[in-house]
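Here, each number is a calculation from the coordinates, and none is a lab measurement. Note that the structure is a prediction, hence the values are computed from the model and not measured. Here Cβ is always computed from backbone atoms with ideal geometry, including for glycine, and neighbour counts include all displayed protein chains.
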Amino acid sequence: MQSSLNQIQPLTYKVDEQGEISVAGIKLKDLAKDYSTALYILCQETIEKRIQAYKSALEKHYPDFMIYYASKSLNCVAIAQLMQEQGLGLDVVSGGELYTALVAGFKAENIIFHGNNKSAEEIAYALENRVTLMLDNFYELSLIKNYLSANPASEAQVVLRLTPGIECHTHEYIKTGRIDSKFGFNLEQIEEVILKIQECPQIKLKGLHAHIGSQIFEIQPFVDSCAVLMEKFKLIKDKFGIELEELNLGGGLGILYEEQDDPPEIEKIIQAMAEAVEKNCTELGLKKPRLAIEPGRSLLGPAGMTLYKVGNIKDIPGVRKYVAVDGGMADNSRPIMYQAVYKAEIDGKVNQAKETVTVAGKYCESGDILIRDAELPAAEAGDLLVIFSTGAYNYSMASNYNRACRPAMVLVKDGKASIIIERESFADLVQRDKSL
C-alpha cells in the first residue's frame, strides 16, 4: 500500500497482497457486487474514533462542553441517530435538516438551527419544537418576535451569531468569519441587537457564536475569534447585566484530502481553544461559559469513500488520458465548485506502477472532472476506482443533474454493511412530475 494514503483513507482501510482493497473487513469488490456503483461507503469505526478524539480532548482540557455535529456535511436519519448515540448535539441549517433530525428521534433540546435567511415557517417549526435558534440578523429577529407575539405562552432560546472579522487561509467561497460575509451581525451592531432582544422578555439570549470558515489548517484564527467573542461577553455583562452561558466557536477544522494537507491534531486545536477561553475569562473577570464546537467535515470526511466503475478511457497522445467513471459532479460537486482535490486508487492494482490520468465523470459538462492529473495504475473498463475522504459534502450536495439517480450509501463496521440511504430509481425521478 502507498504510505502516502495512510492518513487519508478510513482507519479500517486495508490492502492485501493482491492489491485488493477492503474497508471494515469487507472487500470493495464485494460491496460493488452487492450494492452496485456508484456507491457511497461510510466507515462507522472511523466516525466513532474521531468523535471520541474530540470528546477525550474536551474532557481533558475543558470539561464543560457541547459538541454539535454540523449535519449539513451529511444529514440523514441513520447519521442523526448515530450522533445522538454518541452523545452529540446537532447543528441544522434548514427545515428539511430539522425535519430529518426529528424523524430520527433526535432530542430537540440538543438541536441548534443555523441559517442566514430562515423563513417564518422554519422559525415557527423550530420554536414549536423548542429548538434553539442561531440568531443571524435583524430580519430574523423580527420574525421571531412576530411568532412570539402570536404565541405568548412560547419562548425562544437564541445564540447570537457574530462576524468577528477573522481571516483564515481557505477557499474564498468557504470563508465566513470576515466582515464581508452574508452571515451574522457585525460587531458594531451588538448593542443594538441586545436592546431589541430585551424588548421581548420571551427571548432568552444564551450565548455568542462565530464560524470563521471551513477546511482550516490554522489554530490561531480560532484563538483570535475566542478573544473577540469574549470581549463581547464582557461588554454584554457590563452594559446589560447579562452573563452569557455558552461560547460557540463553530467548526471548520480541515482534513487530509491529499498528502500536502496539514491539519492540526484535534487535541491541539481543542487545547488551544480551552487555553484561550481560560485566559480571556481570567483577564476579563468572567465566569467560564460552556464551550461549544460544531465539527462536521472532520468527523465524516475521512470516514467516507466513493466507489465507481471505470468505463470509457480516452487517450489523447501528448495531451491527456481520461479515465471516465459511472459518477461525477452530480455525486461529488466539490471539485467543480471549490477546485477540491482528492486521492484515488484502482482496486486490485494498488501496488502496480502509476501513470498520470484525469478521472472524469459521466455528466454532460466539460468541467465534470473528479481528479485532474491523478497518479493511478493503468485502468481498464470494468475496474473499480475508489476516491477517498468523501464522507462530507458529497451526498449532501448531490443532485439529479442530467436526471441522474443519486447513489446508495452503506455504513460498514466489523465486516457488515448496512444500507442507510437507498439508491434512487428512475421512478423516483418522475414521482413529482405532472403531465400536461
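Projected onto planes of every orientation and averaged, the convex hull of the alpha-carbon atoms in the stretch 126-268 covers 9.7 nm². What shape does the stretch 6-83 take by its C-alpha gyration tensor, where a ≥ b ≥ c are the square roots of the eigenvalues and a/c under 1.5 counts as rounded, a/b above b/c as prolate, and the rest as oblate? Here the stretch 6-83 falls in the oblate category. In sequence order, the stretch 48-59 has phi-based couplings of 5, 5, 6, 4, 5, 4, 5, 5, 5, 5, 5, 4 Hz under the Karplus curve 6.51 cos²θ - 1.76 cosθ + 1.60, θ = phi - 60°, and Gly or Pro positions carry x. Its Cα gyration tensor gives the stretch 228-330 an equivalent ellipsoid. The semi-axes, each the square root of 5 times an eigenvalue, are 48, 14, 12 Å from largest down.
Using a Gaussian network model of the chain in which every pair of alpha carbons under 10 angstrom is joined by a spring, one finds that among E246, E380, E192 the greatest mean-square fluctuation is at E192. Give me, ordered by chain and number, the residues 5 or more places off I111 or on other chains with an amide H under 5 Å from its own placed amide H. It is L90, T132, by chain and number.
Sequence neighbours fewer than 8 away in the same chain don't count; with that in mind, list the aspartates and glutamates whose C-alpha is under 15 Å from K287. Straight-distance partners of K287: D64, E231, D238, E243, E245, E246, E275, E278. Geometric descriptor of the stretch 291-356, per residue, is 149 Å³ (volume of the convex hull of the Cα atoms). Shape summary: the stretch 1-145 maps onto an equivalent ellipsoid whose semi-axes, from the alpha-carbon gyration tensor, are 37, 19, 13 Å in decreasing order. Have a look at F138, F113, F240 and tell me which one the Gaussian network model of the chain (Cα, springs below 10 Å) gives the largest fluctuation. Sorting by GNM fluctuation, first place goes to F240.
Placing one identical point scatterer on every Cα of the stretch 262-397 and ignoring solvent, what is log10 I(q)/I(0) from the Debye formula at q = 0.09, 0.11, 0.20 Å⁻¹? Debye output, listed in q order: -0.40, -0.52, -1.15. According to the Cα-based calculation, Rg over Rh for the stretch 214-257 is 1.15, with Rh computed by the Kirkwood formula.
Taken about its Cα centre, the stretch 87-147 carries a charge dipole of roughly 120 debye when the Cβ of each Lys and Arg holds +1 and the Cβ of each Asp and Glu holds -1. A Cβ-based charge dipole, computed about the Cα centre of the chain with Lys and Arg at +1 and Asp and Glu at -1, lands at about 500 debye.
For the stretch 60-159, the alpha carbon positions stretch 41, 31, 25 Å along the principal axes, listed from largest to smallest. Cα extents for the chain along the principal axes, largest to smallest and rounded to whole angstrom: 70, 59, 42. Projecting the Cα atoms of Y147, I212, I51 onto the dipole axis of the chain, where Lys and Arg carry +1 and Asp and Glu carry -1 at the beta carbon, places Y147 farthest toward the positive end.
Over the Cα atoms of the stretch 43-116, the radius of gyration divided by the Kirkwood radius equals 0.97; this is the Rg/Rh ratio. The lysines within cross-link reach of K349, meaning a Cα-to-Cα straight distance under 21 Å and a gap of 8 or more places when in the same chain, are K14, K27, K29, K33, K309, K314, K321. The residues packed around C226, meaning those with a beta-carbon under 14 Å from its beta-carbon, carry a net charge of -2 if Lys and Arg are +1 and Asp and Glu are -1. Diffusion coefficient (Stokes-Einstein, Kirkwood radius over C-alpha pairs, 10 °C, 1.306 mPa s) for the stretch 352-426: 107 µm²/s, rounded to a whole number. For the chain, with a Gaussian network of springs between Cα atoms less than 10 Å apart, report the residue from A80, A153, A38 with the top mean-square fluctuation. Result: A153 has the largest fluctuation of those listed.
What you get for the stretch 1-107, charging only the Cβ of Lys and Arg (+1) and of Asp and Glu (-1), is a dipole of about 100 debye around the Cα centre. Checking the cross-link pairs K60/K416; K196/K288; K204/K232; K72/K413; K72/K239 against a 28 Å limit on the alpha carbon distance flags K60/K416; K72/K239 as lying beyond it.
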